[in-house]
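For reference, the structure is listed below as structure tokens.
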Amino acid sequence: MSNDKSQTPNKKNGYTLIEILVALTIIGLLFSFGYVSFRDFSRRQALSGAAKSIQGDLRLAQSDAISGQKPDDANCKMPSYTLDSYDFKIILPSEYKIEANCTGSVNPVLIKDVDLSSSGIAFSMPLINPLEFKVLGQGTNIGDTDWILTLTQNGTANTATVTVTSGGEIK
């Protein structure tokens, strides 16, 4: 009978409780850091998306004004009514409207009404409100200064700006 010391009859393969707890702790830490980063990223994306949406709405009002396109509404369809402007009007710190104004009409025509309060985004009140896009390339009502709208995300320090230059460029 040979006495082989390389064989240990009671050796069991597996992980100890401490090894498993260390691995779970590391996985938990990685997950929590990843979650925080993803939450911050998604908040920044929501703010950026709101800014791009506002830019798109400003471009809509600007292009309709430049083309002189009257809205299909009784307040602008009378032959004696002429289109004056499309207005981007801030109603509340998280709500704005786009309206068409026609000469001879008492009420403006609502083109779009947007409320961003559910997304936690608010904006500052610019010095000029409403922003008017006058028809057929007659410019805006902002003069030589830029119209700046600052968007702020509630609960964070994230901000974004939307600017309409005196030349009519939206950025």
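The values are calculated or read from the model by the stated rules, or taken from the named source; none is laboratory data. Since the model is a prediction, treat every value here as computed from it, not as a measurement. Positions of Cβ are generated from backbone atoms using ideal geometry, with glycine treated the same way; all protein chains shown enter the neighbour counts.
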Please enumerate the residues belonging to segment 121-167 that are more than 20 Å from K97 (Cβ to Cβ) and in contact (Cβ under 8 Å) with a residue 60 or more places away in the chain. L136, G137, Q153, T156, N158, T159, A160, T161
Given D115, D87, which one is at pLDDT 90 or above and closer than 17 Å to G49 by Cα? D115
Need pairs with beta-carbon distance below 9 Å; first residue under 12 Å from I121 (Cβ atoms) and within segment 49-61, second surrounded by 14 or more Cβ atoms within 10 Å (Cβ to Cβ) and not aliphatic (A, V, I, L, M); sequence gap 6+ or separate chains. G49/S119; A50/S119; A50/F123; A50/Q153; I54/F88; I54/Y96; I54/F123
What are the residues in segment 124-171 that are hydrophobic (A, V, I, L, M, F, W, C), farther than 25 Å from T82 by Cα and at pLDDT below 90, if any? M125, L127, A157
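Does segment 132-146 hold any residues that are at negative phi and touching a helix residue (DSSP H, G or I) at 6+ places or on another chain (Cβ under 9 Å), and which are they?
From segment 132-146, those at negative phi are 132-135, 138, 140-142, 144-146; that's our starting set.
Those that are at negative phi and touching a helix residue (DSSP H, G or I) at 6+ places or on another chain (Cβ under 9 Å): E132, F133, K134, V135, Q138, T140.
Considering only residues that are assigned to a loop (DSSP other than H, G, I, E, B) and within 15 Å of the chain's Cα centre (by Cα), look in segment 113-156 and name the one that is surrounded by the most Cβ atoms within 10 Å (Cβ to Cβ).
Top of the filtered list is L116.
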Scan S105, S85 and give me the residue that is part of a loop (DSSP other than H, G, I, E, B), surrounded by 13 or more Cβ atoms within 10 Å (Cβ to Cβ) and in contact with a helix residue (DSSP H, G or I) (Cβ under 9 Å, 6 or more places away or on another chain). S105
Restricted to segment 1-38, and to residues that are modelled with pLDDT of 70 or more, of a type in the set (D, E, K, R) and exposed (fewer than 10 other Cβ atoms within 10 Å of the Cβ), which residue is farthest from T156 (Cα to Cα)? K11
Residue that is nearest to Q138 (Cα to Cα), among those in segment 47-77 that are among the hydroxyl-bearing types (S, T, Y) and surrounded by 13 or more Cβ atoms within 10 Å (Cβ to Cβ): S53
